[in-house]
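These notes are about the structure you will find just below.
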Amino acid sequence: MQTSTLVTAIASGTERRLRRVLGLGALLAVAVGLVVSQGVMVMMLQGAGYAGLGFILPLSLAYLLALSYACSFSELALMVPRAGGLSSYTEVALGHFPAILATFSGYVVVAMFALSAELLLLDLIVDKLYPGVFPPMSVAFGVLALFTLLNLVGIDIFARLQIAMSVVMVIVLLILGVAAIVSGSSQGQLSSVAAGGWNPMGAGVLTLTAMAVWGFVGAEFVCPLVEETKKPERNIPRAMLIGLTVIFATIGLYCLGALFLLPAETLRSDALPHYLFATTMFGKSGEIFLVIAAVTATCSTLNTSLAAIPRMLYGMACNGQAFPAFKRLSTRTRTPWVAVLFVAAITGLPIALMGQNAAAINLLLAAALAWLLAYIIVHLDVIALRFRYPHAVRPFRTPFYPLPQLFGIAGMVYAIWHAAPTPESAGQIFGIAGAVLAVVSLIAIAWIKWVMRKPLLVPEPLQTTHPNG
């Protein structure tokens, strides 16, 4: 009864809970800033090392897959405009169990390891460039504490920081890529790059789509900010579509520049190819570029996650799918402070427990499989709601429906199947992913049955009225 009353109050516009302060620029910065991380920088250069110029094919296919999920998220976010994001869409399309499973396994658990890995990588880069200056893990925990505090201050502070960091990050990557292309062209490297072939290692180019797709996951983090977005029917789709296009162009030039400058063998074998790229291009001063790129990439990813994931938890709490404490908003800034502190805590936990243990990377790869599962579920949400509510108001409709959804589902299944980087690691990675999904499933079943007291797979009625009126 309490949840039903709250939803009714929100839908009627009598209780405005979140403030609309985010425009297209802030959302575009979220889409770009979350996706482009240090991990992406490394993986894209390794992909270019494996396929040479042929990497443009899997990169293009991954871009098309990303556009498909952007269309599905845009349609759902504007049809069910709630801060819960994927959980809100899925509960009215497929039921509470897939809603909780998709959100927690695909975002909360993944972010827990992804953010930890990003912070650890930043700590390693800073220690490599300035050995002994900072105590171990002090950079990681310091950055985490800083951005937790800034996100508690308010969403408008977040927006200004995100725009600045995303712009700087993209500019630095473009400078690296373009400078390397110009330098390589002047030294006659074009013919040698072209002679590198489309697949020098003999691996199937299409198989590398599984690697390339990681360069485009996360643009949908703009959707949980829908209740704080000005003109969401225009800005939500544009932010994702423009952001993914900017990412495609930036990664393409970045990888091409690296191929002009470094041998493919070096790109695919070096543990920190982005460090080698920057220092080879600009010498000692390249370290400055690397620090700027690393800091802005990690901080923008962290900043976005600390803004979006707490709002997912806030929306889930309003729907009765998570602890009621996540509904608490600060009196002055109207931010979900309990949820922000929770996300910060689960981010710091792996760092405290494992430190620089390389097993964290395996955990990240395993948990990331659930992210692709979440994308499959969002495509199924669109199909289910089109079937159940064919005449519902949809401010954004997926072009050429259902082809993008079917293409997206097939592509994500393919990426999951080829997610393991080596056959030897497949058992461990899929084993960990299975364990994560099993634990989340058991918790979701117990919560729905004994706390919510609702059926697992019966969808909730669709409410299309915007929560903020």
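Bear in mind that the values in this text are calculations on the coordinates, not laboratory data. Remember, predicted model here, so these are calculated numbers, not experimental data. With ideal geometry, Cβ positions are generated from the backbone for all residues, glycine too; neighbour counts draw on all protein chains shown.
Here are the numbers for this structure:
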{"item": "Förster radius 45 Å - calculated FRET efficiency between Phe134 and Ala249, Cβ distance, rounded to 0.05", "result": "0.85"}
{"item": "Shape call, the range 385-454: gyration tensor on alpha carbons, a/c limit 1.5", "result": "oblate"}
{"item": "Rule-of-thumb Rg ratio for the range 209-250 [Cα; 2.2 N^0.38 Å; N residues]", "result": "1.29"}
{"item": "Alpha-carbon Rg/Rh ratio, for the range 196-336, with Rh computed the Kirkwood way", "result": "1.09"}
{"item": "Proxy reagent accessibility, fewest Cβ within 10 Å first, across Tyr63, Tyr107", "result": "Tyr63, Tyr107"}
{"item": "Calculated Rg and Dmax of the range 268-333 using C-alpha coordinates, Å", "result": "19.7, 55"}
{"item": "Order of Ser116, Ser88 under a 10 Å beta carbon neighbour criterion, fewest first", "result": "Ser116, Ser88"}
{"item": "Translational D in µm²/s for the range 225-271 (Stokes-Einstein at 10 °C, 1.306 mPa s, Kirkwood Rh from C-alpha pairs)", "result": "120"}
{"item": "Difference of contour (0.36 nm per residue) and Cα-Cα distance, Leu456 to Gln428", "result": "7.1 nm"}
